[in-house]
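Structure first, then comments.
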Protein chains: 2
Amino acid sequence: MKIFSLSGFEKFPISVSDNVLVKQSVKVLRFNKNDTITHQGEVCSDIYFMRTGLVKLSYSTLEGKEFIKSFIRDGEMFGSLYSHLTGGGSTFSIVALEDIEVEVMPFSILQGLIEKYPALQQFALSFFQQLALKKEIREYEFLCLSAQERYEKFCQKNPEIVERIKQADLALYLGVTPIALSRMKHRQ
Amino acid sequence: MKIFSLSGFEKFPISVSDNVLVKQSVKVLRFNKNDTITHQGEVCSDIYFMRTGLVKLSYSTLEGKEFIKSFIRDGEMFGSLYSHLTGGGSTFSIVALEDIEVEVMPFSILQGLIEKYPALQQFALSFFQQLALKKEIREYEFLCLSAQERYEKFCQKNPEIVERIKQADLALYLGVTPIALSRMKHRQ
DNA sequence: TCATTAAATTAACCTCGGTTAATTATCTTT
DNA sequence: AAAGATAATTAACCGAGGTTAATTTAATGA
């Protein structure tokens, strides 16, 4: 049961005075394509709402390899769950794949509002249930599907995203090298 | 911030009358090793608390292959998030790896209690945050680690579980065949 | 204890994906 | 339009893991 659909932090169903608080806490930031919004390892105590554009959340390994956790597009909310829950540095970087405009708010402010408003509590619960479900589906795909099948499914489910990203980034999301993805595409 | 640690549904911090409700709704069931508790495809509108024993949540593919989503041990809670959120059939089966004793309660009862008690709401939020985090860590492992590395990490983090499961089941959890895991173990 | 079944190991063969490097296509930018 | 950079493709080689099947080891039961 969705109480409301998020179209930015200032649209939370809260009192006028708390809305003023939110307006004071929220910063609207712009980044250029290829900018890194937050670096892997940095503590990330903010929550983001993507107004326009597209970013990737990506892991860099010790051997210098990159893998992509997810793509976040306009209208979606994101942050580092790990950083939020443990206070440690984020396990991934956030990089703009297009020029973007994001709203940024400290986790702590959102936390306070959630404790105060049942509707926000329901929203938060639903958000994390959906996040868990998404990640369970990704777990299923890594376990049960081949790279080829993951590729076909992604293209089918996210045709718009495929248009907006480099093929190499799609490969890193699927867990294979860009070369392997190129081969897969041209396999008869 | 953990409000309380779950040691069974009857230990929820709720009123005496609601506790009676819970006691009436909860069934304690016993299953033998190798019994299937719920079958893939069946709607699973219950939530489980594992008193004693160990189960696996596993996917069966069309080609007759099996892959293991997770192991659930004594003291843990589980259910089908997908079935709960969509009303559809569960995407996985639940199979006892030891003789087990579980508490079973309809999701709907828990849902009602969550709406009534802030402490339970906080508990549910925390539960799904932790679930999402666990699945994000598994996503990281599939993306960034080799099968060998996933094996070593699992043994390191879950030595007790390794003792209690068949090596073949560990392989299916790691996403490789039992043969591949045997080879990995004996690789110098 | 022996017999039977299940689990784990090993071998031989093959496919898929990683790696390096060269080549071609596609974008940018002036 | 030409030049330079970036992205994608292709080739050759290698290793990890899948597959089938045989063998050994361990567990279970009568």
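The values are calculated or read from the model by the stated rules, or taken from the named source; none is laboratory data. In this text the structure is predicted, and so the values were computed from the model without any measurement. With ideal geometry, Cβ positions are generated from the backbone for all residues, glycine too; neighbour counts draw on all protein chains shown. Accessible surface is based on the protein model in full, side chains and every heavy atom, while ligands, DNA and RNA are left aside. Shrake-Rupley method; radii C 1.70, N 1.55, O 1.52, S 1.80 Å.
Each Lys and Arg contributes +1 and each Asp and Glu -1, all at the Cβ; summed about the Cα centre of the stretch B:81-162, the dipole is approximately 320 debye.
Charge tally for A:D74 (other residues, Cβ to Cβ under 13 Å; Lys, Arg +1; Asp, Glu -1): -3. With both labels modelled 7 Å from their Cα along Cα-to-Cβ, the B:K116 to A:R164 distance reads 4.4 nm. Toward the positive end of the charge dipole of chain A, about the Cα centre and with charges on Cβ (Lys, Arg +1; Asp, Glu -1), which of A:L62, A:F123, A:V176 goes farthest? With unit charges placed on the Cβ atoms, the residue in question is A:V176. Taking a point 7 Å out from the Cα of B:L62 in the direction of its Cβ, none of the residues of the stretch B:160-175 has a backbone N less than 11 Å from it. Between the stretch B:102-178 and the stretch A:48-95, the alpha-carbon centres lie 21 Å apart. Other protein chain C-beta atoms within 10 Å of residue C-beta, averaged over B:99-111: 0. Annotation for B:L21 and B:Q130: the two label points, set 7 Å from Cα along the Cα-Cβ direction, are 2.4 nm apart. The value for chain B of Rg(Cα) / (2.2 N^0.38 Å) is 1.11.
What helices does chain B have that are whole DSSP H segments, at least 18 Å long along their own axis by Cα, and with mean Kyte-Doolittle hydropathy of -0.5 or more? Passing helices, by number: B:118-144.
Could you give the size of the charge dipole of chain A about its Cα centre, using +1 on the Cβ of each K and R and -1 on the Cβ of each D and E, expressed in debye and rounded to the nearest 20?
Charge dipole of chain A: 400 debye, to the nearest 20.
From helices alone, chain B scores -13500 deg cm²/dmol at 222 nm; the rule is -39500 (n - 2.57) for each run of n ≥ 4 DSSP H residues, then divide by the residue total. Distances between copies of B:K33, taken at a point 7 Å out from Cα along the Cα→Cβ vector and listed shortest first: 6.0 nm.
Relative contact order for the stretch A:1-100 using alpha-carbon pairs under 8 Å, separation at least 6, rounded to a whole percent?
Answer for the stretch A:1-100 is 36 percent.
Residue by residue along A:34-43, Cβ atoms of other protein chains within 10 Å of the local Cβ number 0 on average. Solvent-accessible surface of the stretch B:9-117, averaged per residue with a 1.4 angstrom probe and all protein chains in place: 47 square angstrom. Look at the alpha carbon pairs under 8 Å that are at least 6 residues apart: their mean separation over the length of chain B gives a relative contact order of 24 percent. Residue by residue along A:124-130, Cβ atoms of other protein chains within 10 Å of the local Cβ number 6 on average.
Sorted shortest first, the separations between the B:E66 label point and its copies elsewhere in the assembly read 4.1 nm; each point sits 7 Å from Cα along the Cα-to-Cβ line.
Placing +1 on each Lys and Arg Cβ and -1 on each Asp and Glu Cβ, with no other charges, gives the stretch B:3-81 a dipole about its Cα centre of roughly 220 debye. Using a 7 Å projection from Cα along Cα-to-Cβ, the label point at B:T52 is separated from the same position in the remaining copies by 6.4 nm, smallest value first.
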